[in-house]
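Asks: Structure below; questions to follow.
The values are calculated or read from the model by the stated rules, or taken from the named source; none is laboratory data. Here the structure is a predicted model, which is why all the values come from computation and not from measurement. We place every Cβ from the backbone using ideal geometry, glycine too, and count neighbours over all the protein chains shown.
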Amino acid sequence: MKVYIKDYYQTRFGELWERSLTDLIFEVATRLLDNNGLSVKDISAVFLGNMLSGVLDKNLLLSAKINEVLGNIGLPVVRSEAACASGSVALYNAVNFLKSEQGRYVLVLGVEKMTDFSVDEVTTALSVALSGSEQMSGLTFPGVYALMARLYLDKYNYTEEDLAKVAVINHFWGSLNPKAQFRNRITIADVLNSAYVADPLKVYDCSPISDGCAGVLLTTEQSQVEIASCCVATDSLAITERKDLLKLQSVVRSGQQALEKAGIDLDDIDLLEVHDCFTIAELLVLESLGVCSQGTAVEFVSKFNQDNPFELKPVVNTSGGLKSSGHPVGATGVKQIGEIFLQLTNQAGERQIDNAKVGLAQNTAGSGGLSVVTILKK
């Protein structure tokens, strides 16, 4: 049984003060249904990715809340929580639901409302996805990724300027994305002059706190884009239990499995959407996927040329990534899938890649404790 993406829609990502969580869900769900001439009665289930509602908003059982939003018709609604990979895990569950022949259409939604809370509250809430020992030591995610970044820079003799190149590239792409949180282009000097968050990571090395919702309509009826594979793999939660801090084994495993199941090689991939919660994260993912050998992702991104941005293959993070597009954590994985869908259906506007046929999305949970890799074919 093959599964296809029929349509994609997202809200703008950013500080959406005037919108509630349910407002965002309603907008995306109704737009997907209306655009495709469907009603809620045509949908067999809804799969939701959300991380923080129970922690920040003290609001669980979102399944029943979504049922209310959609008209209280009693649909199966399944919420997935996998930290920053919640949206991709929701997609994984939806794909397997359809493959088991339980329906013809399903909605996959990813949503998060983060900006209603203080930075300290959000940072603490996100930290629940760290190991117990890391939380007890006072580490936050910027701190954990800063440890990885310092090790990477020292081991391979790179500088903070090399990290900054990732932010500059993703802001370039974000400037072309009307749904991105930040549409401003930046320079390496802008990154280097921004304040430290956790040495060596600065403000411009970090993805923002964001609101937003993204959704895809999946179907078993043949459509323009097929989900060729969707694979989940895990690693230890605590970084102290890993053999190599600079090789994300969950990314290695999920990437290898997805390529094998899709029956393609990395050379067949036209574009990537990868998890860049911090600039160092993008470099580690590119290396763990095998796009670059260990220690060489800086050399890969250094070849990027804003005057000819489509020259570097595969093209990476045309949405702007998490860094520029925004990171409403439950929505990110679905947005990554949506960006590839837009590219494969020639709907990406100024950032459109010519003749794109195959795309890969990689979504990380935490510091690499879980990874989802999804491959889409035109």
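Asks: Name the residue, out of Leu48, Leu32, Leu38, Leu16, that is touching an Asp or Glu at 6+ places or on another chain (Cβ under 8 Å), aliphatic (A, V, I, L, M) and either surrounded by fewer than 19 Cβ atoms within 10 Å (Cβ to Cβ) or not in a loop (DSSP other than H, G, I, E, B) (or both).
Replies: From the options Leu48, Leu32, Leu38, Leu16, the qualifying one is Leu32.
Asks: Tell me yes or no: at least one residue of region 296-318 is modelled with pLDDT of 95 or more, β-branched (Val, Ile, Thr) and farther than 25 Å from Lys155 by Cα.
Replies: Yes, because at least one residue in region 296-318 is modelled with pLDDT of 95 or more, β-branched (Val, Ile, Thr) and farther than 25 Å from Lys155 by Cα.
Asks: Also, I was wondering about something else. Where in region 128-241 are the strands (runs of 3 or more DSSP E), entirely inside, with at least 1 residues that are farther than 26 Å from Glu15 by Cα?
Replies: It comes to 212-219, 225-234.
Asks: While we're looking at this one, here's another question. Quick one: is Asn59 out of contact with any strand residue (DSSP E or B) (no Cβ under 8 Å at 6 or more places or on another chain) and not hydroxyl-bearing (Ser, Thr, Tyr)?
Replies: yes
Asks: Identify, by number, the condition in (1) farther than 14 Å from Asp211 by Cα; (2) assigned to a loop (DSSP other than H, G, I, E, B); (3) not basic (Lys, Arg) that Ile66 doesn't meet.
Replies: (2)
Asks: I'd like the full set of residues that are among the aliphatic types (A, V, I, L, M) and either part of a helix (DSSP H, G or I) or closer than 19 Å to Val3 by Cα (or both), limited to region 242-282.
Replies: The answer is Val251, Val252, Ala258, Leu259, Ala262, Ile264, Leu266, Ile280, Ala281.
Asks: Something else about it: Specify which of the listed residues (Val216, Val166) is under 26 Å from Ser53 (Cα atoms) and surrounded by 16 or more Cβ atoms within 10 Å (Cβ to Cβ).
Replies: Step by step, each of Val216, Val166 is checked, and only Val216 is under 26 Å from Ser53 (Cα atoms) and surrounded by 16 or more Cβ atoms within 10 Å (Cβ to Cβ).
Asks: Something else about it: For region 53-71: of the residues being polar (S, T, N, Q) and in contact (Cβ under 8 Å) with a residue 24 or more places away in the chain, which is nearest to Met114 (Cα to Cα)?
Replies: Ser53
Asks: In addition: Hey, among the residues in region 123-140 that are in contact with a helix residue (DSSP H, G or I) (Cβ under 7 Å, 6 or more places away or on another chain) and under 16 Å from Gly330 (Cα atoms), which one's surrounded by the most Cβ atoms within 10 Å (Cβ to Cβ)?
Replies: Leu126
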